[in-house]
Amino acid sequence: MKRIAAPLTFVVVLLVAIAGQASAQVSLAFVDTQALIRAHPAQAEIDRLTQSLDGELQELLQQRQDLLGQAQNGQLSAEQQELLQALSVTIETRRNEGVQAIRDAAAPAEQAANVIIEGLAADQGYDLVLDIGSASGLVVFAADDVPDLTDQAVERMQTEYGSP
């Protein structure tokens, strides 16, 4: 919830500030930041880490599920009970470490996306650029002619950082 609250607060404050300027006209555009991040070379490492984590967690979760099934039938030895507890801790630890590794791998792509979006906004005179994915919960209505900068942003990402 913390990750959502900060951007939401920022958008609300920004919209109130813009609305406070009675004669100001706001130029708005959308962009799909996930498409932009996928266009960054870091996506290959993000995918590799995600697949590795998923595979590892699936194996650990299956082991835990097997032990939980035995526990329901009252067939767990003391050693298996310890193993079940250790598996639960291991799963949580690996999940947290894996998610952090994925975030670290995504950081350069996120930074590059921000630079590209800011550059396009400045070049084309947009006051506000909303992420299409995040805006769906905030925007009640948007006209069909609100520009989508995604294709331009992806093209710029590939030009400046190379294709993934």
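The values are calculated or read from the model by the stated rules, or taken from the named source; none is laboratory data. A quick note: this is a predicted structure, and the numbers were derived from the prediction, not measured. Neighbour counts are summed over all protein chains in view; Cβ atoms, including those assigned to glycine, are modelled from backbone coordinates with ideal geometry.
Observations, loosely collected:
- Residues of region 56-101 satisfying the condition of being closer than 30 Å to Q43 by Cβ and among the polar types (S, T, N, Q): Q58, Q62, T90, T93, N96, Q100
- Listed by first and then second residue, the pairs with beta-carbon distance under 7 Å, at least 6 apart or on different chains, first residue in region 130-153 and without any contact (Cβ under 8 Å) to a residue 24 or more places away in the chain, second of a type in the set (A, V, I, L, M, F, W, C), are V139/L130.
- Residue check, D66 within 28 Å of D32 (Cβ to Cβ) and either at pLDDT below 95 or not basic (K, R) (or both): no
- Test: residue in region 110-124 that is small (G, A, S), in contact (Cβ under 8 Å) with a residue 12 or more places away in the chain and under 16 Å from I46 (Cα atoms): yes
- Residues that are under 20 Å from the mean Cα position of the chain (by Cα), modelled with pLDDT under 95 and exposed (fewer than 14 other Cβ atoms within 10 Å of the Cβ) are absent from region 89-108 altogether.
- The residue that is surrounded by the fewest Cβ atoms within 10 Å (Cβ to Cβ), counting only those in region 113-131 that are of a type in the set (A, V, I, L, M, F, W, C) and under 21 Å from Y161 (Cβ atoms), is A122.
- Pairs are defined by a Cβ separation below 6 Å, a sequence spacing of at least 6 or placement on different chains, a first member in region 40-65 that is closer than 11 Å to R94 by Cβ, and a second member that is among the β-branched types (V, I, T); the pairs so defined are L60/I91.
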